[in-house]
Each structure stands twice: as structure tokens, then as C-alpha cells.
Amino acid sequence: MPRRKQPTIPDELLDQLLAGSDARAALADGGLLDGLKKALAERVLNAELDHHLEGGEPDGRTNGRNGYGGKTVLTGTGRLDLQVPRDRLATFDPQLIAKYQRRFPGFDDRIVSMYARGMSTREIQGHLRELYGIEVSPDLVSAVTDAVLDEVAEWQSRPLEALYPLVFLDALRVKVRDEGTVRNKAVYVAIGVRADGTKEVLGLWIEQTEGAKFWLRVMTELRERGVADILIAVVDGLKGFPEAIAAVFPRTQVQACVVHLIRNSLGLVSYKDRKAVAAALKEIYRARDAKAGEEALEAFAEGPWGRKYPAIVQSWRRHWAEVIPFYAFPSDVRRIIYTTNAIEALNSKLRRAVRARGHFPTDDAVLKLLFLVLNLATKEWRMPAREWSAAKAQFAILFEDRFITN
């Protein structure tokens with residue numbers, strides 16, 4: 001499809017507008033650009049009122065113009081004083097700028113974008129003051145971002161795909177003020193890989209304690225939103241999860257998350273040794289089968305890195321029974337399970353946002369921030385992993401009629 005040509009302003013009109021004036025002054029606060037914005041906004045508002053009056057009142061009453069009322073709105077570059085037309089019966093509600101709206105279209109999006117990038121309400125307040133000369137209260141910033149909660153609720157209940165070959169479940173620890181006490185809670189993030197290899201975040205759930213009842217509720221929610229089958233669920237020792245998923249999706253293979261094991265292992269290693277230890281760990285999770293993997297683990301334990309960092313060996317041995325199913329998969333499927341750069345990058349952004357906040361006043365505040373971070377981060381998820389084509393053929397063999405690609 002040919003790209004649509006963007007509309008342009010004729011040079012003659014620009015010359016006429018800038019005649020005898022400094023171009024830099026035109027872009028300054030209160031300059032030509034703000035003047036054009038004001039003129040255009042007032043023209044649109046007048047056109048809206050004309051259209052409203054032409055339609056007549058539903059009850060047959062006669063209406064008409066009733067002068068103008070002053071209104072100051074905030075824009076991306078400063079304040080804009082508008083003359084808003086009024087009608088005698090006060091039934092006119094403009095669409096461009098609603099009756100009680102004090103921010104020009106697009107201003108809210110700018111605040112939300114800054115919030116999603118980790119800025120606090122106070123930081124956003126200072127940024128708008130320094131950059132645009134706009135004074136906004138922290139309460140205003142909170143009100144703008146709180147409007148996202150309706151979108152969160154809609155997103156959390158949206159229909160999902162019938163099949164997800166892979167679902168990754170991860171947990172973030174957050175501090176939330178609850179009844180005057182700051183408590184530790186867990187936010188669980190579910191990331192699904194569709195049959196075409198593209199990824200999406202299925203949902204967010206906050207819980208102080210996990211268990212089979214909680215996971216049963218999450219799995220039931222996914223089923224009610226349209227999920228009929230999950231081929232492989234990749235988790236990190238979530239308490240009660242295997243029992244819950246067996247009750248809702250009995251044919252799903254539960255697999256310990258190798259990525260978490262690697263991440264936790266490297267977290268025990270000094271920075272200068274990480275590259276070498278990561279290379280040594282590859283011998284374990286790239287072994288041809290479970291027996292070879294166990295032999296590689298023993299070799300690691302007896303080698304220099306196992307002796308220097310015995311806690312790594314203990315961690316792998318503690319989770320070994322949950323790792324074994326991993327070796328039943330062909331190498332292409334294994335690579336998809338542990339090569340999760342996009343997911344790891346997402347987790348990193350979520351953790352960074354949580355650390356920047358310290359603690360949250362409510363559960364809704366947690367959901368609001370993480371949803372905005374997710375919305376920003378997942379825009380980069382356009383293409384499936386490069387290993388997906390090879391893995392897809394293996395899924396078709398392993399799961400036969402359950403793996404449907406259309």
C-alpha cells in the first residue's frame with residue numbers, strides 16, 4: 001500500500017504568516033504558533049456551537065448564542081486563554097474541549113508518557129514547570145494517571161487467543177501500604193507466546209500470598225477469557241501452580257524456568273566472573289538429555305566455579321526434578337524457552353519502575369504504573385523470535401492436533 005502523503009502548508013501561506021516577524025519568536029510562548037492554536041480552537045468551538053444550534057433542542061425549546069466565556073487551558077507549550085461560545089439554554093457541551101476539561105487534547109498523553117517512563121508525580125510537576133512554565137499540582141498528575149485505571153480494567157478482561165504454545169509466569173515483589181502498614185506483595189505477570197510466535201502480556205495479578213486457590217482463580221480467569229489450551233507453562237517454583245493448572249488445563253506441561261535459574265545463579269557471582277560462569281552453565285542446560293545434564297552439573301560442581309560458588313550447585317540440585325522435563329524437548333524448543341531476551345528486557349523495566357517508587361499507596365497504584373510500563377515496552381514486540389520458525393515445526397510434531405497455527 002503506498003504511503004499516504006502528509007498534508008503540507010503552502011510556502012506562500014507561511015511567508016504571509018511570518019511576514020515581518022522573527023521565526024524564533026513565532027515558536028516562543030505566546031507567539032504566532034500559540035496564536036494559531038488559539039484561533040483554530042476558537043473557530044472549531046464556534047463551528048461546534050453552530051452545529052448544535054442547527055440541530056435544535058429535543059424538547060422543542062428555542063436556543064441561541066449567548067456571548068462568550070473565558071477559559072484557560074493547559075497545552076504542551078503553556079497556557080492558552082480561549083473565548084468559548086455559550087448558548088442560552090446551557091445545553092452546549094463542546095467536543096474539542098469539554099466543559100470541565102482544563103487540559104488541551106494531547107496534554108494528558110504527555111503526562112502519562114512521563115509517568116510510564118518512571119517519573120514520579122513531583123518530578124513531572126517540576127519538569128512541566130521548568131520546561132514549559134506550566135504549574136500543575138501533584139493531585140492533577142495523579143488524576144490524569146488515575147484515568148488509566150478504567151483502561152487497565154478493560155485490558156485485564158479483554159478476550160485472549162484460544163491457544164498459547166508458551167506461557168511464562170514471573171513474579172515481582174512490591175511494597176504496598178495497606179491499613180497503615182507497608183506490606184510485601186507479589187505482582188504476577190503472565191506473558192503468552194501466540195502460535196505465530198508473537199508475544200503479549202496476558203494479565204497482572206497482585207497477591208500477598210500465593211497458593212493453589214490463587215492460581216486456580218488465575219487459570220479459571222484465563223479460560224473464561226477464551227484460552228482453551230496452553231502447551232507449556234514456564235514457571236519459577238510458584239507454590240500451588242502445578243495443581244491449579246492441572247485442574248483447568250490438564251494437558252499443559254509445567255516446566256521450571258531455566259532463565260530464572262541462570263539469573264539467580266549469576267546473581268551469586270561477582271561481576272568479573274559472570275561471563276565465564278554463564279558459559280560454564282551452558283554445558284548444563286544445553287546437554288543432549290537429562291543424564292548428560294546431570295553429569296554436566298556434577299562436572300560444574302567439581303570444577304573451579306562450583307567450588308568458588310557452591311550455592312549455584314545447591315540451587316540447581318534443589319530444582320533438578322523440575323528441570324528434567326526440559327531435556328525432553330528438541331533443541332529448537334529449548335532455545336525458545338531459555339532465549340527470552342524480550343521478556344528479560346521487560347522484566348528489567350518493570351523492576352526498575354518498582355525500585356524507583358519505593359512503596360505504593362494502593363494496589364491500584366501498582367497496577368497503574370506497571371500497565372503503563374508494559375504498554376510502552378511491548379510496542380517493541382513486533383516480530384517473533386528468530387528461532388520460532390524451527391521451533392514451530394517441532395511443536396507441530398510434539399503436540400500434533402493441539403498445535404493449530406491458523
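The values are calculated or read from the model by the stated rules, or taken from the named source; none is laboratory data. Note that the coordinates shown come from a computational prediction; the quantities given were computed from them, not determined experimentally. All Cβ positions, glycine included, derive from the backbone under ideal geometry; neighbour counts span all protein chains shown. We work out accessible area using only protein heavy atoms, side chains counted, and drop any ligands, DNA or RNA first. Shrake-Rupley method; radii C 1.70, N 1.55, O 1.52, S 1.80 Å.
Figures for the structure shown
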| quantity | calculated |
| --- | --- |
| Filtered residue count, segment 256-300, keeping only those that are farther than 15 Å from Ile337 by Cα and either in a helix (DSSP H, G or I) or charged (D, E, K, R) (or both) | 28 |
| Where a residue in segment 344-360 is closer than 19 Å to Thr181 by Cβ and its partner, wherever it lies, is among the hydroxyl-bearing types (Ser, Thr, Tyr), with Cβ under 9 Å and at least six apart | Arg357/Ser120 |
| Condition met for Val354 (out of contact with any helix residue (DSSP H, G or I) (no Cβ under 7 Å at 6 or more places or on another chain), assigned to a helix (DSSP H, G or I) and among the aliphatic types (A, V, I, L, M)) | yes |
| For Leu216: the one exception among (1) surrounded by 19 or more Cβ atoms within 10 Å (Cβ to Cβ); (2) part of a helix (DSSP H, G or I) | (1) |
| Candidates Ile343, Ile324, filtered to the one that is at pLDDT below 80, in a helix (DSSP H, G or I) and under 28 Å from Ile397 (Cβ atoms) | Ile343 |
| Checklist (1) of a type in the set (Ser, Thr, Tyr); (2) modelled with pLDDT of 75 or more; (3) touching a Leu at 6+ places or on another chain (Cβ under 8 Å) applied to Tyr115, failing item | (2) |
| Segment 372-389 residues that are closer than 18 Å to Ala353 by Cβ, paired with ones that are assigned to a helix (DSSP H, G or I) and open to solvent by 40 Å² or more (accessible area, probe 1.4 Å) (beta carbon under 6 Å, 6 or more apart) | Val373/Lys349; Ala377/Lys349 |
| Hits in segment 119-140 (condition: β-branched (Val, Ile, Thr) and at pLDDT 70 or above) | Thr121, Ile124 |
| Qualifying positions in segment 219-241 - assigned to a helix (DSSP H, G or I) and in contact with an Asp or Glu (Cβ under 9 Å, 6 or more places away or on another chain) | Phe241 |
| Options Asp146, Asp178, Asp170: the member that is at pLDDT below 85, open to solvent by 40 Å² or more (accessible area, probe 1.4 Å) and under 18 Å from Asn375 (Cα atoms) | Asp146 |
| Residues of segment 291-341 classified as open to solvent by 30 Å² or more (accessible area, probe 1.4 Å) and of a type in the set (A, V, I, L, M), total | 5 |
| Residue check for Ile230: at pLDDT 90 or above and either in contact with a Pro (Cβ under 8 Å, 6 or more places away or on another chain) or not acidic (Asp, Glu) (or both) | yes |
| Verdict on Ala311 being under 26 Å from Ser270 (Cβ atoms) and of a type in the set (Gly, Ala, Ser) | yes |
| Matching residues in segment 90-109 - criterion: being surrounded by 14 or more Cβ atoms within 10 Å (Cβ to Cβ) and either over 29 Å from the mean Cα position of the chain (by Cα) or modelled with pLDDT of 65 or more (or both) | Phe92, Pro94, Leu96, Ile97 |
